[in-house]
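To start, the structure under review is shown below, and the notes come after it.
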Amino acid sequence: MSEDLISLLPELWTALGETGVMLAIALSAAVVLGGPLGIVLFLTGRGQLWERPRLHFVLNAAVNLVRSFPFVILLVVLVPLTRIVAGTTIGPLAAAVPLSAAAIPYFARLVEQSVRDVSPGVIEAAQAMGATPLQLIVKVLITEAAPTLASSLTVLAVSFISYSAAAGIVGGGGIGDLAIRFGYYRFQTDVMLITVAILIVIVQSVQAAGNLLSRRLDHR
Amino acid sequence: MIALQDVSKTFRASGRDIVAVAPTTLDIGNGQSFGLIGSSGAGKSTLLRLINRLEEPTGGRVLVDGVDITALGPKDLRHARRLLGMVFQSFNLLANRTVLENVTFPLEIAGQSRTAARRRALECLDHVHLADRADDYPAQLSGGQKQRVAIARAIAPKPSALLCDEPTSALDPQTTESVLDTLLRINRDLGVTLVTVTHSMDVVRKLCDAVAVMENGHVIERIDLRDRPAVATSNLARRLLESAAAPAAPLFRELAHV
């Protein structure tokens, strides 16, 4: 192993931790806030249970708006918000704010599409059995869409491992940032290769875990 | 027990009013097995769905055991719906729940304990001869078995009536027999009222003791099939005869000749 790499080992561990923190926060925000948003997007849509054309239009436009931003620009635009929420504009916690802002509408869209695949007949059967709206969401929409939701979460996680590399711009750190700073800017090709290799392993593992979970949940 | 009083449904599509069900009055007695027959688009499924308000009626009233279903708020409607089981053409089972969990579903949402729901569900599965498949998932069953699970699910909350929307239309003739047998037993043994929408004379002949014939949103005739010879005045019988498969014919040939 080269001198470069050995001297970089502590940095590598820190970077992995930073990536972990950023992803954990962004994915949690996506599930906790983006998930319900996706369900509401679905339910307020045309011909659905809580058809609300105006609300649906507004939510839909908002989701599209945030999703239109290239992530790096979103990162900069949201600096004032980041300062309020995280109290600072540098570091992994600060980077988690724009990451969450991007992840929430992203996941909301994925959730909306997943639950749209639930058979309308099954929803109707549950209504005919006297299910409350909450029971319908939890026991029918989410349960029936569970395998697709697991796949959606996997797609989100993989995308945001890559997004988090851009967090380096606000000093967010993380493994992707390490690859750019040392490997790319300093021409330390061996560092770049090893970090990219680590990213490949992480992405493969996340994808494999996601696939396994989705298969476990799928009885169709 | 199920009384439809001038109940009607008008859809609005592309700026035009389309009458799916014209004001209709029908009485379906306790424990009766009642058929609704007609060609597709006659309004029979819509009429059935007006009974548990899967379609909101445009006018009129629906009384079930004396309760005006049409006047109920959301919460009371949910309770009333538990007394009206429903069986669908496409089964509509929950794919990610086991057979047993499908049958416990209506009990679970009604707040029954897990053990009580499980006991009742097994009882119902036994009734449709599928207790041995309790831990399988719907995807592992044949069409006829899926429909029998759907029937077990529908009877689990001990409803007073089952609304069956083309229950055998997605099935081949042999499995149709098994599903009709199951429905018939539920009607005879458990005294559950059946309201069955079908376009098949075979189904009516096997299952029903009275039938209403629908055309263009109107009930044009009601025939009591326990009377022999049954009396039909319209020429619908001939039309239905033509649409029904040959072995289905005898009953309606009999009717058509009157």
Here are some conditions: (1) on the phi < 0 side of the Ramachandran plot; (2) over 14 Å from the mean Cα position of the chain (by Cα); (3) surrounded by fewer than 18 Cβ atoms within 10 Å (Cβ to Cβ); (4) not aliphatic (A, V, I, L, M). A:R67 meets all but one. Which one does it not meet? (2)
May I ask you to list the residues in the range A:70-87 that are surrounded by 13 or more Cβ atoms within 10 Å (Cβ to Cβ) and either at pLDDT 95 or above or in a loop (DSSP other than H, G, I, E, B) (or both)? A:L78
Exactly one of A:I142, A:I161 is of a type in the set (V, I, T) and farther than 18 Å from A:S214 by Cα, and that residue is A:I161
Of the conditions (1) at the interface with chain B (Cβ under 10 Å from one of its Cβ atoms); (2) assigned to a helix (DSSP H, G or I); (3) within 25 Å of A:F107 (Cβ to Cβ), A:E124 fails just one. Which one is it? (3)
Of all residues making up the range A:137-154, the number that are surrounded by fewer than 22 Cβ atoms within 10 Å (Cβ to Cβ) and either touching a Pro at 6+ places or on another chain (Cβ under 6 Å) or within 13 Å of A:L23 (Cα to Cα) (or both): 1
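Within the range B:162-175, can you find the residues that are crowded, with 18+ Cβ neighbours inside 10 Å and assigned to a helix (DSSP H, G or I)? Quick ask: steps written out before the conclusion?
Step one: list which residues in the range B:162-175 are crowded, with 18+ Cβ neighbours inside 10 Å, which gives B:162-168, B:171, B:175.
If the condition is that a residue be crowded, with 18+ Cβ neighbours inside 10 Å and assigned to a helix (DSSP H, G or I), then B:T175 is the only one that fits.
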Going residue by residue through the range A:187-197, is there one that turns out to be in contact with a helix residue (DSSP H, G or I) (Cβ under 9 Å, 6 or more places away or on another chain) and farther than 29 Å from A:L93 by Cα? no
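Taking the condition in a helix (DSSP H, G or I) and within 21 Å of A:L149 (Cβ to Cβ), does A:I25 pass?
yes
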Given (1) in a strand (DSSP E or B); (2) touching a Lys or Arg at 6+ places or on another chain (Cβ under 7 Å); (3) surrounded by fewer than 21 Cβ atoms within 10 Å (Cβ to Cβ), index of the condition B:V21 fails: (3)
I need a count of the residues in the range B:24-65 that are charged (D, E, K, R) and assigned to a strand (DSSP E or B). 2
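Would you tally the residues in the range B:11-26 being out of contact with any helix residue (DSSP H, G or I) (no Cβ under 7 Å at 6 or more places or on another chain) and closer than 22 Å to A:A128 by Cβ? Before you say what the answer is, go through the steps one by one.
The first filter runs over the range B:11-26 and keeps only residues out of contact with any helix residue (DSSP H, G or I) (no Cβ under 7 Å at 6 or more places or on another chain), leaving B:11-19, B:22-23, B:25-26.
Next, from what is left, pick out any that are closer than 22 Å to A:A128 by Cβ: B:11, B:26.
Counting residues in the range B:11-26 that are out of contact with any helix residue (DSSP H, G or I) (no Cβ under 7 Å at 6 or more places or on another chain) and closer than 22 Å to A:A128 by Cβ gives 2.
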List the strands (runs of 3 or more DSSP E) that sit entirely inside the range B:176-229 and contain at least 2 residues that are surrounded by fewer than 23 Cβ atoms within 10 Å (Cβ to Cβ), in contact with a strand residue (DSSP E or B) (Cβ under 6 Å, 6 or more places away or on another chain) and free of Cβ contacts under 8 Å to residues at least 60 places away in the same chain. B:218-224
What is the residue count in the range B:105-119 for residues that are within 16 Å of A:A125 (Cβ to Cβ), buried (at least 20 other Cβ atoms within 10 Å of the Cβ) and among the hydrophobic types (A, V, I, L, M, F, W, C)? 3
Top-ranked residue in the range B:120-161 [being more than 14 Å from chain A (Cβ to nearest Cβ), in a loop (DSSP other than H, G, I, E, B) and crowded, with 22+ Cβ neighbours inside 10 Å; ranked as farthest from the chain's Cα centre (by Cα)]: B:L130
Please verify whether A:T154 is more than 9 Å from chain B (Cβ to nearest Cβ), of a type in the set (S, T, Y) and not in a helix (DSSP H, G or I), treating the condition exactly as stated. no
Hits in the range A:127-147 - residues which are within 8 Å of chain B (Cβ to nearest Cβ), in a helix (DSSP H, G or I) and aliphatic (A, V, I, L, M): A:A128, A:V140, A:A146
Conditions first: (1) crowded, with 17+ Cβ neighbours inside 10 Å; (2) more than 11 Å from chain A (Cβ to nearest Cβ); (3) touching a residue at least 40 places away in the same chain (Cβ under 8 Å). B:L100 passes all but one, so which condition is the exception? (3)
State which residue is surrounded by the fewest Cβ atoms within 10 Å (Cβ to Cβ) when the search covers only the range A:167-203 and only residues that are hydrophobic (A, V, I, L, M, F, W, C) and under 25 Å from A:L81 (Cα atoms). A:I169
Taking into account only those residues within the range B:68-86 that are more than 9 Å from chain A (Cβ to nearest Cβ) and in contact with a Leu (Cβ under 9 Å, 6 or more places away or on another chain), which is surrounded by the fewest Cβ atoms within 10 Å (Cβ to Cβ)? B:T70
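The values are calculated or read from the model by the stated rules, or taken from the named source; none is laboratory data. Please read all numbers here as calculations on a predicted model, not as lab measurements. Heads up, the Cβs are rebuilt from the backbone with ideal geometry, glycines too, and the neighbour counts pull from every protein chain shown.
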